[in-house]
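Worksheet for the structure shown next.
The values are calculated or read from the model by the stated rules, or taken from the named source; none is laboratory data. Everything quoted here is computed from the prediction, not taken from an experiment. Here Cβ is always computed from backbone atoms with ideal geometry, including for glycine, and neighbour counts include all displayed protein chains.
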Amino acid sequence: MKIAIAGFGALGARVGVMLQRAGHDVIGIDGWAAHIAAINTKGLTVTEDDGSSKKYFIPVMTPKEVTGEFDLVILLTKTPQLDRMLTDIQPLITKQTQLLVLSNGLGNVEVMAKHVSSQQIIAGVTLWTSDLVQPGEIHVTGTGSIKLQAIDHADITAVVTALNEAGLNAEVSDNVVEAIWHKAGINSVLNPLTVLLDANIAEFGTAGNGMDLALNILDEIKQVGDAAGVNVDVNSILSDLSNLLKPENAGNHYPSMYQDIQAGKRTEIDFLNGYFAKLGRENHIATPFNALVTRLIHAKEDIERVKLAKQQETFEI
Ligand SMILES: NC(=O)C1=CN([C@@H]2O[C@H](COP(=O)(O)OP(=O)(O)OC[C@H]3O[C@@H](n4cnc5c(N)ncnc54)[C@H](OP(=O)(O)O)[C@@H]3O)[C@@H](O)[C@H]2O)C=CC1
Ligand SMILES: CC(C)(CO)C(=O)C(=O)O
């Protein structure tokens, strides 16, 4: 299958490598010049927990440089970047192209619907993880899975087969909206709390009150879900959280939001806790924990951006 990974960052690179190893024709689309240059000259370095590393040669280019047609585009930008990416890759999308979004957060399908027909959209969520170490290098840990569903009854058999050939553990969901909310519940706990507590996922699990905080956040999401007609199974989210704490799953991983903060980037908080707080306000449901977490993460984004700018100034002097 001819596959483009649009957003060849931490997770896109991991997914791309797995698909290429399974024999698919994969290219990466990205805009980060140093990352593209490193991969195209020296290969993508993938390191594992035991310190071993391997190099993979996958062509990576900017949206403008890509030509050709693709059977599948896997969208793995950060959620606020999705709209722009879809605009940039518009010339590469034919009526036959299927687009699978695996980015976290709520609202991705609505953004895709502005660019392509509903027949082309596959909504998904993933528990795979990856950390970007430096341009051209990712660190991968544990295993994961993907849940996906065509939003308008399109045949996605070939896509599911390709993902499973690559060992990505893909499963067709009969209610992907619920799966997306479920994953957003997991992210609304782990992503901001690991940033605010400066911990990886396993370290977060050692906080005595970690699961109480999780419950505070999830109870609000459950109430908002009830108002929106989406069932949120808090116990099932808590059970997934416990599994993720294990090193063989995602324990050694720093969530993508932690990585954004470190890089001085805008986070996805408005599409996670911020989204739930907004829905809460619209439906007169109190969401103090999600609202506070959102404000704290925005404050942290500001602090880290200023710190990074100061470091760069010092570096330039
Ligand atoms: N990392 C992880 O372990 C996990 C991540 N996720 C989710 O997957 C998604 C991707 O995460 P992650 O891989 O960590 O993110 P990254 O920021 O590492 O990767 C996204 C890449 O897309 C590039 N990009 C975005 N927009 C454009 C554009 N218009 N043109 C060209 N390049 C573009 C970015 O470049 P630039 O930096 O220049 O903007 C970046 O290199 C997120 O929604 C995240 O929440 C889900 C599960 C786990
Ligand atoms: C691995 C996980 C679930 C951590 O919250 C994730 O989705 C992320 O890093 O954004």
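Observations, loosely collected:
Each row is one residue, and each column tells you yes or no for (1) at pLDDT 95 or above; (2) away from ligand 2 (no atom under 16 Å from the Cβ).
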position	(1), (2)
LYS246	no, no
ALA250	no, no
TYR258	yes, no
PHE271	yes, no
PHE276	yes, no
LEU279	yes, yes
PHE289	yes, yes
VAL293	yes, no
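- A count restricted to segment 101-137 and to residues that are within 16 Å of ligand 2 (Cβ to nearest atom), within 24 Å of GLU65 (Cα to Cα) and surrounded by fewer than 23 Cβ atoms within 10 Å (Cβ to Cβ) stands at 1.
- Counted as qualifying within segment 236-317 are the helices (runs of 4 or more DSSP H) with 3 or more residues that are exposed (fewer than 13 other Cβ atoms within 10 Å of the Cβ), namely 288-316.
- Per-region count, segment 212-227, residues of a type outside the set (D, E, K, R), over 21 Å from the mean Cα position of the chain (by Cα) and either more than 11 Å from TRP181 (Cα to Cα) or not in a helix (DSSP H, G or I) (or both): 5
- Residue ranges of strands (runs of 3 or more DSSP E) in segment 47-114 with at least 3 members more than 8 Å from ligand 1 (Cβ to nearest atom) and more than 15 Å from the chain's Cα centre (by Cα): 53-56
- Test for GLY28: is it touching a Gly at 6+ places or on another chain (Cβ under 6 Å), away from ligand 2 (no atom under 16 Å from the Cβ), within 23 Å of ILE156 (Cβ to Cβ) and not in a helix (DSSP H, G or I): yes
- Check on GLU268, over 17 Å from the mean Cα position of the chain (by Cα), within 16 Å of ligand 1 (Cβ to nearest atom), of a type in the set (D, E, K, R) and in the same structural domain as GLU301 (by TED's automatic domain parsing): no
- Scan segment 164-180 for residues that are in a helix (DSSP H, G or I), in contact (Cβ under 8 Å) with a residue 60 or more places away in the chain and within 15 Å of ligand 1 (Cβ to nearest atom) and the total you get is 1.
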